[in-house]
Each structure stands twice: as structure tokens, then as C-alpha cells.
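The values are calculated or read from the model by the stated rules, or taken from the named source; none is laboratory data. What you see is a predicted model, and the numbers here were worked out from it, not measured in a lab. Because the Cβ atoms are built from the backbone with ideal geometry, glycine has one as well, and the counts that use them run over all protein chains shown.
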Amino acid sequence: QTTLENVIKRDVKGLYKKALKHEIKNMIGVDPNIPYEIPKNPDIIIDTENFTLEESFSFLKKELKRIKIYNR
């Protein structure tokens with residue numbers, strides 16, 4: 001989970017910046033008619049706001065092992 005500000009910073013294609021300039025439509029979280037919906041019961045939540053890519057990946061692997069989806 002992260003803020004829209006961080007999503008925009010990480011958006012390598014620049015789609016969110018284009019959506020904010022009204023150059024593209026129907027962008028989740030930017031278009032008021034298409035809000036981002038937080039899952040009610042997610043299996044995994046990764047706090048990418050406060051952890052590096054490496055820390056997030058490590059956490060993801062541990063969680064996938066815990067729920068028996070990944071076994072390496």
C-alpha cells in the first residue's frame with residue numbers, strides 16, 4: 001500500500017501525470033468515477049511507503065511461503 005503521490009513517482013510510463021493533466025481518461029485513483037478500491041480482505045499487504053524494493057520483495061517471498069504459494 002502507498003500514497004497516490006508515490007504511485008505517480010514510480011509510474012515509469014507517466015500515465016498518472018498524463019491523467020492529472022486530463023490527457024488520458026479513466027485512470028484508477030485519478031478519475032473521480034473510478035476510485036481505487038482497497039481490498040476488504042487481502043492475503044498480503046506490502047507497505048511500500050516505508051520499505052525499499054528489496055525489503056518489500058523479501059517480505060513478499062516470506063508471505064508467499066507462509067500461505068504456501070511459493071516454496072523456494
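The table for this structure:
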| read-out | value |
| --- | --- |
| Output for the stretch 1-49, where each listed residue is under 30 Å from ASN71 (Cβ atoms), surrounded by 10 or more Cβ atoms within 10 Å (Cβ to Cβ) and not hydrophobic (A, V, I, L, M, F, W, C) | GLN1, THR2, ARG10, ASP43, ASP47, THR48, GLU49 |
| Condition met for TYR70 (assigned by TED's automatic domain parsing to the domain that holds ASN6 and among the hydroxyl-bearing types (Ser, Thr, Tyr)) | no |
| Long-range neighbours under 7 Å by Cβ, at least six apart or interchain, first residue over 13 Å from ASN6 (Cα atoms) and not assigned by TED's automatic domain parsing to the domain that holds ASN6 within the stretch 38-62, second acidic (Asp, Glu) and at pLDDT below 95 | ILE44/GLU63 |
